[in-house]
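Throughout, read-outs are computed from the coordinates displayed, never taken from laboratory work. Not measured: the values here are computed from a predicted model.
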Amino acid sequence: MFGLSELAIILIVVIAVIGARKLPELARSAGKSARILKAEARAARDEEAGTAPAPRVVQGEIVPPGTGPAPSGARAADAPDPR
């Protein structure tokens, strides 16, 4: 009946006719996926080799509840109900 090459050509024609508007979006999505995969593979290889950059540490401070400034419109938990 049909060989593999004939079926492939028919499939390509059907995809081109039915999804002509979606092809640019599909190609863009495939490119983004390839870039992400490439970046993740590079990061994994660098991590394995020990050449990955050190993680950044951001210093902060702990503020106990009730000692910091209250957001606008907020009231303290022990404040009387204004009703």
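What the table shows:
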{"item": "Net lengthening on full extension, ARG21/VAL57 (0.36 nm per residue, minus Cα-Cα)", "result": "8.3 nm"}
{"item": "Extended-chain gain in nm, criterion 0.36 nm per residue less alpha-carbon gap, SER29 and ILE9", "result": "4.8 nm"}
